[in-house]
Amino acid sequence: MSKYIFTVLILVFCQVNESNAAFSCEADIQRVLVYSDGSVNILHSGSGKYTYICNTKGNFKGVDTVTCSLWVGMLQSIQNNNKKAVFYYDGNGTCATLPTYSSAPAPVYIGSIK
C-alpha cells in the first residue's frame with residue numbers, strides 16, 4: 001500500500017509543477033512579418049521585441065506548417081481588427097522576457113481575446 005501512496009504523491013507533485021510551468025501573454029499585435037524562407041516573426045505589445053513563432057515552410061519546435069499558416073491569418077485579422085491576442089507558452093517566463101527570433105519557444109496556442 002505504501003508504494004501506491006508514494007506513486008500517487010509523485011504524480012500529484014509532477015502535475016502541480018507542470019501546471020506552474022506555463023505562462024500566457026495578452027498583447028496588441030503591431031507587426032506580422034512572413035519572410036521568404038517561411039519564418040514568421042511578430043512584434044507585439046507584450047514584449048516590444050520581435051518574437052519568432054513558427055515557419056510556414058517547415059516544422060518549428062513542434063508547430064507544423066498548417067498551424068503556422070492558420071496563426072498568420074489569425075494574427076493579421078487580430079491586428080487589422082484592433083483586437084488582442086493571447087499567446088500561451090510552456091515553461092517559465094513572461095511576455096517581457098521572451099527570447100527573440102529563433103531562440104523563442106514555440107507557443108502552445110494563440111487566440112483572439114477581445
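Values in this text are rule-based calculations from the coordinates and carry no lab data. Keep in mind the model is a prediction, meaning the values are calculated, not measured. All Cβ positions, glycine included, derive from the backbone under ideal geometry; neighbour counts span all protein chains shown.
Each Cα pair under 8 Å and six or more residues apart adds its separation to the average, and for region 44-95 the resulting relative contact order is 23 percent.
Taking N as the number of residues in region 34-114, what is its alpha-carbon radius of gyration divided by 2.2 N^0.38 Å? Intermediate values should be presented prior to the final figure.
Details: Rg = 11.8 Å, N = 81, 2.2 N^0.38 = 11.7 Å.
Taking the Cα Rg and dividing by 2.2 N^0.38 Å, one obtains 1.01.
For Thr56, the residues 5 or more places off, or on other chains, whose built amide H falls under 5 Å of its own are Ser39, Val40.
Determine the dipole magnitude for region 40-114: charges of +1 sit on the beta-carbon of Lys and Arg, -1 on that of Asp and Glu, nothing else is charged, the reference point is the Cα centre, and the result goes in debye to the nearest 20. Mind showing how you got there, number by number?
Details: 6 positive and 2 negative charges, 41 e Å.
Taking the Cα centre of region 40-114 as origin, the dipole is about 200 debye.
Could you tally the net charge around Lys57, taking each other residue with its Cβ under 14 Å from the Cβ of Lys57, Lys/Arg +1 and Asp/Glu -1? Around Lys57, the surrounding residues sum to -2. Label-to-label distance for Asn82 and Thr97 is 3.4 nm, based on points extended 7 Å past Cα in the beta-carbon direction.
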